1. I need the full set of residues from segment 31-65 which are more than 20 Å from residue 162 (Cα to Cα) and part of a strand (DSSP E or B), in order please.
2. Please pick out the residue among 64, 21, 27 that is surrounded by fewer than 19 Cβ atoms within 10 Å (Cβ to Cβ), assigned by TED's automatic domain parsing to the domain that holds residue 164, more than 20 Å from the chain's Cα centre (by Cα) and touching a residue at least 60 places away in the same chain (Cβ under 8 Å).
3. Taking the stated definitions as given, is residue 72 within 30 Å of residue 17 (Cα to Cα), assigned by TED's automatic domain parsing to the domain that holds residue 156 and modelled with pLDDT under 95?
4. So, of the residues in segment 38-59 that are more than 26 Å from residue 223 (Cβ to Cβ) and in contact with a helix residue (DSSP H, G or I) (Cβ under 8 Å, 6 or more places away or on another chain), which turns out to be surrounded by the most Cβ atoms within 10 Å (Cβ to Cβ)?
5. Would you mind stating whether residue 16 is modelled with pLDDT of 95 or more, at positive phi and in contact with a strand residue (DSSP E or B) (Cβ under 9 Å, 6 or more places away or on another chain)?
6. Taking the stated definitions as given, is residue 86 over 21 Å from residue 177 (Cβ atoms) and touching a strand residue (DSSP E or B) at 6+ places or on another chain (Cβ under 6 Å)?
7. Looking at 176, 162, 156, which is the one that is surrounded by 21 or more Cβ atoms within 10 Å (Cβ to Cβ), outside the structural domain of residue 105 (by TED's automatic domain parsing) and within 30 Å of residue 221 (Cα to Cα)?
8. Looking only at segment 123-139, how many residues end up being touching a strand residue (DSSP E or B) at 6+ places or on another chain (Cβ under 9 Å) and not in a helix (DSSP H, G or I)?
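The values are calculated or read from the model by the stated rules, or taken from the named source; none is laboratory data. Keep in mind that what you see is a predicted model, and the values were worked out from it rather than measured. Ideal geometry is used to build each Cβ from the backbone, glycine not excepted, and the neighbour counts take in all protein chains shown.
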């Protein structure tokens, strides 16, 4: 990755989001800093995916402030973080051309695009897919290609929304290996998951949301062994909270 000034920390202060006459995110105070993997957990409807979209800037908060505060923050900060969705968007072109197009959109000179795209395919074991239409790839292959596409843009932070939902165990393992590779590159990974086994395997830190409120944020090990909130304890036991 490029040695450029960091855009981190990302600081959320009293962030809220209202829609449809209701409050979906309620007064979240959260600081994203350092490297490693932050896993956002919570019951369905807790606001996990919405919080990712707020952090990535896809939607603005209706209340509070969200600021990139590192020395590299500013006009170029938007290109220093990427997001991969549960169902990635693939263009009607080959896997290689999807990567080349992403580089072109980011202003990478033409001579360097194919070289960098091939390097990404090779890095993640995707070269056999290079000339195949991206939209006919399996769900796991599309997700790995989407992750490679995000990586080659050299982000400092990658937001991942349920990246292995509906994938089989082999595809899930391959995606998790990519996430570990991102961490080794110094990329901050912020992800949601409904899979507690995956959260235990990957999380360095955990943020627990309940009804749009951030109830816990801290290192993963104490969260899983001794959660501070009754809601988180019930979640870990697999209970239903209404």
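1. 31, 63, 64, 65
2. Working: 64 fails: touching a residue at least 60 places away in the same chain (Cβ under 8 Å); 21 fails: touching a residue at least 60 places away in the same chain (Cβ under 8 Å).
Criteria check complete, one pass: 27.
3. yes
4. Start the filter on segment 38-59 by keeping residues that are more than 26 Å from residue 223 (Cβ to Cβ), which leaves 57-59.
Retained after the next criterion (residues that are in contact with a helix residue (DSSP H, G or I) (Cβ under 8 Å, 6 or more places away or on another chain)): 57, 59.
Values: 57: 13, 59: 11.
Checking each candidate, the answer is 57.
5. Here the answer is no, as residue 16 does not meet what is asked.
6. Working: over 21 Å from residue 177 (Cβ atoms): no; touching a strand residue (DSSP E or B) at 6+ places or on another chain (Cβ under 6 Å): yes.
Taking the combined requirement at face value, the residue does not satisfy it.
7. Details: 176 fails: surrounded by 21 or more Cβ atoms within 10 Å (Cβ to Cβ); 162 fails: surrounded by 21 or more Cβ atoms within 10 Å (Cβ to Cβ).
Going through 176, 162, 156 in turn, the sole match is 156.
8. Of segment 123-139, the ones touching a strand residue (DSSP E or B) at 6+ places or on another chain (Cβ under 9 Å) are 129-134.
After this cut, where a residue has to be not in a helix (DSSP H, G or I) as well, the list is 130-133.
Number satisfying all stated conditions: 4.
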